[in-house]
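Here the structure comes first, spelled out in structure tokens, and everything after it is commentary.
The values are calculated or read from the model by the stated rules, or taken from the named source; none is laboratory data. Here the structure is a predicted model, which means the values were calculated and not measured. Here the Cβ is made from the backbone with ideal geometry for all residues, glycine too, and neighbour counts use every protein chain on show. For the accessible areas, the whole protein counts, side chains as well, though only heavy atoms, and no ligand, DNA or RNA atoms are used. Shrake-Rupley method; radii C 1.70, N 1.55, O 1.52, S 1.80 Å.
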Amino acid sequence: MTLELKSISKTVGAETHIYETTLRLERGTMNNLLGRTLSGKTTLLRIMAGLDVPSTGTVWWNGEDVTGRRVQDRDVAMVYQQFINYPSMTVYENVASPLRIRGLSSDEIDRRVRAATDLMRLSTQQLDRKPLELSGGQQQRCALARALVKEAGLVLLDEPLANLDFKLREELRIEIPKIFEASGAIFVYATTEPHEALLLGGNTACLWEGRVTQFGPTATVYRQPCDMTTARVFSDPPMNFLAFEKHGDLLRYDGKDHASPANFSSLPDGSYNAGFQANHLSLDPLGANDVVFSCESIGTEITGSESFVHLRHEGLNWVALRHGVLDVPAGDSVQTHVDPAYMYVFDTHDRLVSVATYAQAA
């Protein structure tokens, strides 16, 4: 079972929504589409489902070209951010509705409904209720069960947890990978949140302004972003960057020469950008090999368990992530530290040329 997008693109008038894209998704895999709002995630899902036809290229399902095939004639189920249920039907009948349309027997319908609702942890009592009598999370579980009951080979999820409260989102993020493993379908999950993609695992395609910048195993894409754009997409807050030049054993940045870290020794002389995550920019000394920067605090966001310290360095805006509560008043001078082992290096065309040492060992 495979889904292949072969050189597909999508234009609407003069606007390009999806640039030429080729993807191959395999049976029993979780595939995340990660990108900001308007990056092209929903357009890709609609093309996969058959709701939209690509402007160029073809869509293949199990070796067959299905580009012009209607969505109702495809082996696909879809769940949206806004949970869509029939308010006049019970939860049981909502889940059973696509099977009744197919004309399946009552026994087969009951078997599938019970199996799907068990996976979604909907109780027998809840099956007899109307959707509006349930909590938001239970209503979305009903919508998910209706997608699963079809036993479709392709299940498309367009930010299905975005409208749920934090606790319910966390529960379903843990459950959804288990569900797809049990079903054996190809799952495609659109999200704006890097940590959600990491929790779901599987594979991730990073999207930026209609382009798939990188696709591969989720942990690999996170640890080894192929370019600065992917690094920005797969970081929350975005990765911090610093331009520098290397000349022999010296690095020049901030208008001064500095000793080059040992792990930069293999870099040819030239111009580069260093990148490091917010959680690797420390306000405390780390060790003898620290790269040290003088910054000014712009302000602090405190979530309770974490504090995001916004900093300005030589005209650049950076963020440092600190566990716990830390309030750094705006205008304060702050000395920051980075272990060179946590620094990525990109060339002047934004392409990755050196993976951070820690990521190579992971």
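Couple of notes before you dig in:
- For the chain, a simple Cβ point-charge model (Lys and Arg +1, Asp and Glu -1, everything else neutral) yields a dipole of about 1320 debye relative to the Cα centre.
- Using the Cβ-Cβ distance between Arg70 and Asp269 with R0 = 45 Å, the FRET efficiency computed as 1/(1 + (r/R0)^6) comes to roughly 0.15.
- Counting only alpha carbon atoms, the long axis of helix 136-149 and the longest principal axis of the chain meet at about 70°.
- Between the amide H of Leu281 and those of Leu321, distances stay under 5 Å, these residues lying 5 or more places away or on another chain, with hydrogens modeled in the peptide plane.
- Computed from label points 7 Å out along Cα-Cβ, the spacing between Thr22 and Ala243 is 3.5 nm.
- Computed over all pairs of different Cα atoms, the Kirkwood value for the hydrodynamic radius of segment 246-350 is 14.7 Å.
- Lys pairs, the chain - Cα-Cα below 20 angstrom, 8 or more residues apart or on other chains: 5
- For segment 1-72, the list of trypsin sites (Lys or Arg not before Pro) that fall in a loop by DSSP and count at most 10 other C-beta atoms within 10 angstrom reads Arg70.
- Of the listed residues Thr348, Thr336, Thr67, the order by accessible area with a 1.4 Å probe, largest first, is Thr348, Thr67, Thr336.
- Overall form of segment 17-70 per C-alpha gyration tensor (a/c, 1.5; a/b vs b/c): oblate
- Crossing angle, helix 91-102 versus the chain [Cα axis fit, 0-90 degrees, rounded to tens]: 70
- Degrees, to the nearest 10: 106-119 long Cα axis against longest axis of the chain: 20
- Segment 318-355 residues near the modelled Thr56 label - backbone nitrogen below 11 Å, point 7 Å along Cα→Cβ: none
- The Cα-based radius of gyration and maximum Cα-Cα distance (Dmax) for the chain are 24.0, 77 Å.
- Over segment 112-189, the pair-distance histogram of Cα-Cα distances with 10 Å bins from zero comes to 18, 56, 26, 0 percent, rounded to whole numbers.
- Share of pairwise Cα-Cα distances greater than 23 Å in segment 149-263 is 46 percent (whole percent).
- DSSP beta bridges in the chain [antiparallel fraction, %, rounded to 5]: 80
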